Amino acid sequence: MKKYLLTSLLLLVGCSFVWSQTEKGRWQIGSQIGNLRYQNEGQYAQKSFSGTITPTLGYFVAKNLLLGTGIPVSYSTSYLKSPDFKSYQLIYGLSPFVNYYFGKGPLKPYIGAAYSYNRTVNYYRSFLNGESKATGYSTTIAPHAGVAYFITRNIGLNVGLSYTIQHMEVGFLDNIPANQQSFPPVDSKFFSMDFGFQLYFGR
């Protein structure tokens, strides 16, 4: 009987630690990985890869309400064998976000939104024009939803789905005549799945 009571008490204490993950005054440090894609197909032997990693820092300003910011870093590359063409793109910026968590157990659904402003650097290499570079910027708005799983009081995992609305100004190529170097703005909308790992501190 005593062993049963002791086990029950330990379970209750452990659960209370897990449930207090999203209490006011706690800090969250983590990282998100998403937008992973690899393609190798087509009659021109097209190959492409892209991925994003976002370190994040957040603070629970109220119970279950997290405010924070991320530093998204995206990299993508594309290659065509015929005609010979390569491109690289690096995007980095700042992305404030807000998340709200639901539930009392270790598995908590959440909803939120993020806004980001990013610098873009594009490199191109082709047989006809040689190497060139263009710099610009992009902005995104990304409502999202997901599920967080709290392994312990200080460790959590999450998976989420985002709907991204993006506006991109590519900029100007540095070795093309001025009347030919401008790219038109690009607007896009897409879904992406993100996976994350978080550490929690405080209280």
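Sort 68-76, 159-167 by packing, meaning the average of other beta carbons within 10 Å per residue, with the highest value first.
68-76, 159-167
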Under the Karplus relation with 6.51, -1.76 and 1.60 and θ = phi - 60°, whole-Hz ³J(HN,Hα) for the range 140-151, x at Gly and Pro, equal 9, 10, 9, x, 8, 8, x, 9, 10, 10, 8, 5
Of the cross-linked pairs LYS63/LYS108; LYS24/LYS189; LYS86/LYS189; LYS104/LYS189, which ones have a Cα-Cα span greater than 23 Å in the structure shown?
-> LYS24/LYS189; LYS86/LYS189; LYS104/LYS189
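Read-outs throughout are calculated quantities, based only on the coordinates presented, and are distinct from any laboratory measurement. Computed from a prediction, not measured in an experiment: that's the story for all the values here. Cβ coordinates were reconstructed from backbone atoms using ideal geometry, including for glycine residues, and neighbour counts include every protein chain displayed.
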